[in-house]
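Trainee: Sharing a structure below in structure tokens format, with a few things to ask.
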Amino acid sequence: MSNMREACGVFGVYDPKGAQAAPTVYYGLLALQHRGQESCGIAVSDTEEPKVAVRVEKGMGLVNEVFDAAKIDRLYGNIAVGHVRYSTAGASTPENAQPLVLHYIKGILALAHNGNLINAKELRDELAYDGAIFQTTIDSEVIAYHIARERVKARSVEEAVSRAVKKVKGAYSLVVMSPRKLIGARDPFGFKPLCIGKRGDAYILSSETCALDTVGATFVRDVLPGEVVTITKDGISSDTSGCMADEKTARCIFEYIYFARPDSVIDGVSVYESRIKAGRFLAKDTPVDADIVVGVPESGNAAALGYSLESGIPYGTAFVKNSYVGRTFISPRQDMRESGVQVKLNVLESAVRGKRVIMVDDSIVRGTTSDRIVTMLREKGAKEVHMRVSSPPFLWPCYFGTDVPERSQLIAYNRSLEEIRKIIGADSLGYLGIDRLLELSEGLPICTGCFTGKYPMPTPERNIHDDLER
């Protein structure tokens with residue numbers, strides 16, 4: 001695994017009054033575009049059709065590149081699921097785009113998945129030995145097959161989902177569509193977010209609340225970790241048999257630091273306020289004299305503002321971002337990542353020339369991007385560059401959907417703070433302390449595995465992505 005990958009985004013709609021669902025999903029996916037920029041898709045059914053049918057459109061690229069008005073018009077029906085995706089290098093292929101549509105003996109399923117399973121290979125091998133033929137290399141297909149298998153024995157599709165997810169281990173937020181039901185499921189640890197919204201009579205499932213705002217829906221509540229919710233023409237029902245004690249949950253802290261849009265609220269905690277807090281903590285714990293505080297767009301901006309508010313040092317804009325370029329770490333080759341930095345960002349010379357600059361970013365992975373940005377600031381005349389990072393150092397891989405590279409590729413592995421500072425070329429360097437993370441989540445239990453090596457569940461001895469890609 002040569003690069004870091006972000007979470008995907010899922011979105012679903014069911015309108016019992018018969019309103020077309022695809023346009024709502026389209027705009028919901030646009031709002032979740034930050035969670036995946038390589039492929040996307042929408043699957044739609046109509047609960048009033050006498051003959052069951054699922055119409056699906058998906059492809060490589062951004063939402064507004066894959067879909068046009070004609071495609072949306074062809075996706076007629078009042079129940080739909082959608083997906084935006086990131087992938088590892090080599091797995092960015094059309095067959096791995098979601099939602100997955102599965103035809104089986106009980107009918108049709110469409111599934112969209114955000115997360116990673118740590119027992120996907122074992123489950124996949126089990127299915128393969130029973131004769132299953134796989135069309136993709138993603139662990140989402142393993143979940144879909146197990147739902148289909150359980151449906152043969154279960155009284156309902158929601159019961160099949162509840163049974164199937166008890167077999168899988170790892171991180172998942174699922175949106176599943178049968179021809180007449182919309183189902184959402186969240187893993188017992190709550191690694192990935194999933195919430196419920198409502199607009200008129202229609203119910204919506206979404207990775208983030210920002211997408212509910214975009215489509216004019218009202219937030220109802222978050223899906224509980226371990227819960228399975230089912231939406232039908234009669235309303236919403238819940239199965240909480242998969243839930244465990246709150247103190248055992250383990251949300252991904254990077255949703256608050258980096259992944260989620262700042263205008264989202266996850267499990268009652270504002271992402272924006274979490275980032276402001278991170279900046280304030282950095283100012284308290286790693287102060288330095290400077291003339292201006294700047295953020296590396298986008299997720300570094302709020303933390304930079306927090307640093308400014310706490311320190312009294314003026315907040316400014318030092319970077320102009322090309323919004324049409326994806327995040328640099330998704331490029332499959334190192335030379336592409338490095339050249340991509342200046343394509344994505346340019347420095348405002350008038351903002352930094354002759355000044356002592358505090359630059360706030362959300363993380364340092366390999367250090368090559370940070371090195372290049374520090375150099376860019378110096379080339380535009382910055383007198384000093386002090387880097388502050390709104391997360392602790394990455395020291396361990398992640399198994400739950402954030403592809404932190406192998407330890408040998410992490411700049412912080414086996415290096416001191418001073419050694420890292422010299423590599424990136426900053427005048428000083430400070431990270432957020434691990435003890436501050438719970439304050440960012442307002443006390444909600446979190447996963448800190450990529451920082452501490454202490455995971456909420458047993459993990460494979462080696463990275464499962466060597467064998468299987470999502």
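Trainee: Using θ = phi - 60° and the Karplus curve 6.51 cos²θ - 1.76 cosθ + 1.60, what whole-Hz ³J(HN,Hα) does each residue of segment 377-385 get, with Gly and Pro shown as x?
Mentor: Once θ is set to phi - 60°, the couplings for segment 377-385 become 4, 5, 5, 8, x, 4, 6, 9, 10 Hz.
Trainee: Percent relative contact order of segment 187-243, based on C-alpha pairs within less than 8 angstrom and at least six residues apart?
Mentor: Result for segment 187-243 is 33 percent.
Trainee: Express in nm, to one decimal, how much length is gained between LEU395 and SER408 on full extension, taking 0.36 nm for each residue of separation and deducting their alpha carbon distance.
Mentor: Between LEU395 and SER408, full extension yields 3.7 nm more.
Trainee: Which whole-number percentage describes the relative contact order of segment 271-466, with Cα contacts under 8 Å and a sequence gap of 6 or more?
Mentor: 20
Trainee: When Kirkwood radius over Cα pairs in Å is calculated directly from the model, which label among (i) 22.7; (ii) 25.0; (iii) 26.4 fits?
Mentor: Matching the structure shown: (i).
Trainee: Separate question: Just want the ordering: VAL360, VAL288, VAL152, VAL229, from fewest to most Cβ atoms lying within 10 Å of their own Cβ.
Mentor: Ascending Cβ contact count within 10 Å gives the list VAL152, VAL288, VAL229, VAL360.
Trainee: Taking the Cα centre of the chain as the origin, how large is its charge dipole in debye, to the nearest 20, when only Lys and Arg (+1) and Asp and Glu (-1) carry charge on their Cβ atoms?
Mentor: Result for the chain is approximately 160 debye, rounded to the nearest 20.
Trainee: Then there's this: Anything over 22 Å Cα to Cα? Flag those among LYS169/LYS248; LYS51/LYS181; LYS277/LYS383; LYS169/LYS192; LYS71/LYS233, in the order listed.
Mentor: LYS277/LYS383; LYS71/LYS233
Trainee: Determine, for ARG356, ARG74, the number of other Cβ atoms within 10 Å of each Cβ, and report the residues in order from fewest to most.
Mentor: Ascending Cβ contact count within 10 Å gives the list ARG74, ARG356.
Trainee: Continuing with this model, one more query. Do the sum for the chain: with -39,500 (n - 2.57) for every DSSP H run of n ≥ 4, divided by all residues, what is the mean residue ellipticity at 222 nm, to the nearest 500 deg cm²/dmol?
Mentor: That calculation yields -8000 deg cm²/dmol at 222 nm.
Trainee: Pairs of Cα atoms under 8 Å, at least six residues apart: use those to get the relative contact order of segment 192-288, whole percent.
Mentor: Averaging sequence separation for qualifying contacts and normalising by length gives 22 percent for segment 192-288.
Trainee: Sticking with this structure for a sec: Among VAL293, LEU205, LEU29, whose Cα lies farthest out toward the positive end of the dipole of the chain, if unit charges sit on the beta carbon of Lys, Arg (+1) and Asp, Glu (-1)?
Mentor: LEU29
Trainee: Next question. For a quick check: with amide H placed at 1.01 Å from N, whose amide H comes under 5 Å from SER39's, ignoring anything fewer than 5 positions away on the same chain?
Mentor: For SER39, the qualifying residues are GLY61, ARG85.
Trainee: Compare the Cα positions of VAL176, ILE257, SER311 along the charge dipole of the chain (+1 at Cβ of Lys, Arg; -1 at Cβ of Asp, Glu; about the Cα centre) and return the one farthest towards the positive end.
Mentor: VAL176
Trainee: Sticking with this one: Which values, in whole Å and largest first, are the semi-axes of the equivalent ellipsoid of segment 271-466 obtained as the square root of 5 times each eigenvalue of the Cα gyration tensor?
Mentor: Each semi-axis is √(5λ); the values are 27, 20, 15 Å.
Trainee: Between GLU419 and ASP130, what is 0.36 nm times their sequence separation minus the Cα-Cα distance? Round to one decimal in nm.
Mentor: So the extension gain works out to 98.8 nm.
Trainee: Where does each of SER370, SER323 land when they are ranked from fewest to most other beta-carbon atoms within 10 angstrom?
Mentor: SER323, SER370
A short reminder: the numbers here are calculations on the coordinates, not readings from a lab. Here the structure is a predicted model, which means the values were calculated and not measured. Neighbour counts run over all protein chains shown; Cβ positions are idealised from the backbone, glycine included.
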